[in-house]
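**Q** Here it is: the structure, laid out below.
The values are calculated or read from the model by the stated rules, or taken from the named source; none is laboratory data. Predicted model, so just to flag it, every value in this text is computed and none were measured. Neighbour counts are summed over all protein chains in view; Cβ atoms, including those assigned to glycine, are modelled from backbone coordinates with ideal geometry.
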């Protein structure tokens, strides 16, 4: 029907006769001449109808916003005074000679321009309208270009695009599975994959040297701005590689994506051990755009007469750290400081101590804080020296378990960086490496920091002897404080895999029941292999500067994992339930 897209027309097309199809973005009647801004996925173009167009002018008089039209006309230059420099097509317009109304439209529930603020619940209910907006069109077109560039890169690197099953069995991946009841196997369930992890390992055993997949994954977990119950993963795995090779290939891919699609050279990615990231930034995904750092002062607080500090300072699992904000006396109000105290409470901190440094040279009277009376002059001077304080600074303190202090001050660091706009650069990538193999599960046992198929950097004997201190061969790619992707070298030896399962408390019967096929495969010549998985939605969110991954997914779910447009999830009739051997337990009604 169309000969061209609206957004593609330029001055080089003047005097061409073209046919356009699209939606009416705006209609204006100026003294008997009708102007229609016609919109399609490529942009907006102005179409002009005057009375000489006869019945087509009458048709143009009937159209309203969001009508679907087919327009034929001649491209001409706009008069100099009507050129619109803010539009890509602003130098030209189409003199309309024919118009067909392909479909009318009722008044829309919200305006589709970028100047109208609409609640997300309304946007998601009428998502098909929301997707007509320029911002959403741009995001999804960018996403398409990105996935195409990813495929091209991996194809050139010799990776094969291989699909893995969606209906599989439940495996421990750190979140709840979405379960699918089986009609043909009554009382049994499939699980939707949280990742293709085991299948891609089996592909390595099968001899498919290099695999990739842009895969749908599912996790039944609490949602945040960068989480969805179903999400898309760029899944990569290769055989006969070590950490350096996988990191080199995937770093090259991300750098090429940014250079090709955004004209940005990210440069070489620095590497930082997990322990250093936690000590300096309180996070395993630090935002290096922010210059603030945590400073350990545990040794300075062991003898102070203040249990809030001395308690954690003398606890092997405790931490006492400081966060210096240069010029904080002038930059931060008392209300902001009080609000920060409430903010760190989200992360389990019981409060937020601080010192205002009025005069760094006067430790007796130049420090302002309720806590200075508990600190000797020597301790005060040592703290100021340790953090590099200057007059006018504010120093915040965290004292609790290492986990609480790191999470609270790490989050506060990012919060202050955002509030005071302390960003020193636009993009800050890095690799975080040398992760612990396990972490405390809070119940006296251990849980894998990544997943139970990650290879340790030690022998099975050393791992069994000291699992708490063992490091893994894992690596995470981080950009601007956001984890873009995580991966590891995998366990390819059956003995090592059994040792890991034993440490995690998975007995031999459970090992066979859940992972027998993997353990069997490892017996038949499994090659050394490893990989990495990127969150595609998160990558698009960062590259388009969007606030949420819901703005880069065509039909996302809400915070409660529901689709308000289709009203999913929905009820199922009793016949279907019987076929699935399922009986629902009705909640007992309680009287008021």
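**Q** Mind checking which residues of the range 280-296 are in a loop (DSSP other than H, G, I, E, B) and either in contact with a strand residue (DSSP E or B) (Cβ under 9 Å, 6 or more places away or on another chain) or surrounded by 14 or more Cβ atoms within 10 Å (Cβ to Cβ) (or both)?
**A** Those that are in a loop (DSSP other than H, G, I, E, B) and either in contact with a strand residue (DSSP E or B) (Cβ under 9 Å, 6 or more places away or on another chain) or surrounded by 14 or more Cβ atoms within 10 Å (Cβ to Cβ) (or both): 282, 283, 284, 285, 286, 287, 288, 289, 290, 292, 293.
**Q** Across the range 305-316, which residue is farthest from residue 382 (Cα to Cα) among those that are in contact with a helix residue (DSSP H, G or I) (Cβ under 8 Å, 6 or more places away or on another chain) and at pLDDT 95 or above?
**A** Among residues in the range 305-316 that are in contact with a helix residue (DSSP H, G or I) (Cβ under 8 Å, 6 or more places away or on another chain) and at pLDDT 95 or above, the one farthest from residue 382 (Cα to Cα) is 312.
**Q** Given the residues 282, 328, which is the only one that is in contact (Cβ under 8 Å) with a residue 60 or more places away in the chain and at positive phi?
**A** From the options 282, 328, the qualifying one is 282.
**Q** Next question. Just checking, how many residues over the range 412-447 are free of Cβ contacts under 8 Å to residues at least 12 places away in the same chain and touching a helix residue (DSSP H, G or I) at 6+ places or on another chain (Cβ under 7 Å)?
**A** Residues in the range 412-447 being free of Cβ contacts under 8 Å to residues at least 12 places away in the same chain and touching a helix residue (DSSP H, G or I) at 6+ places or on another chain (Cβ under 7 Å): 0 in total.
**Q** Farther than 24 Å from residue 169 by Cα, surrounded by fewer than 19 Cβ atoms within 10 Å (Cβ to Cβ) and modelled with pLDDT of 95 or more: does that describe residue 463?
**A** Details: farther than 24 Å from residue 169 by Cα: yes; surrounded by fewer than 19 Cβ atoms within 10 Å (Cβ to Cβ): no; modelled with pLDDT of 95 or more: yes.
Answer is no for this residue.
Matching residues to (1) more than 30 Å from residue 116 (Cβ to Cβ); (2) in contact with a helix residue (DSSP H, G or I) (Cβ under 9 Å, 6 or more places away or on another chain); (3) at pLDDT 95 or above:
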position: 14; (1), (2), (3): yes, no, yes
position: 29; (1), (2), (3): no, yes, no
position: 65; (1), (2), (3): no, no, yes
position: 77; (1), (2), (3): yes, yes, yes
position: 91; (1), (2), (3): no, yes, yes
position: 97; (1), (2), (3): yes, yes, yes
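**Q** Out of the residues in the range 133-163 that are outside any helix (DSSP H, G or I) and over 23 Å from the mean Cα position of the chain (by Cα), state the one that is surrounded by the most Cβ atoms within 10 Å (Cβ to Cβ).
**A** For the range 133-163, the residue satisfying everything is 159.
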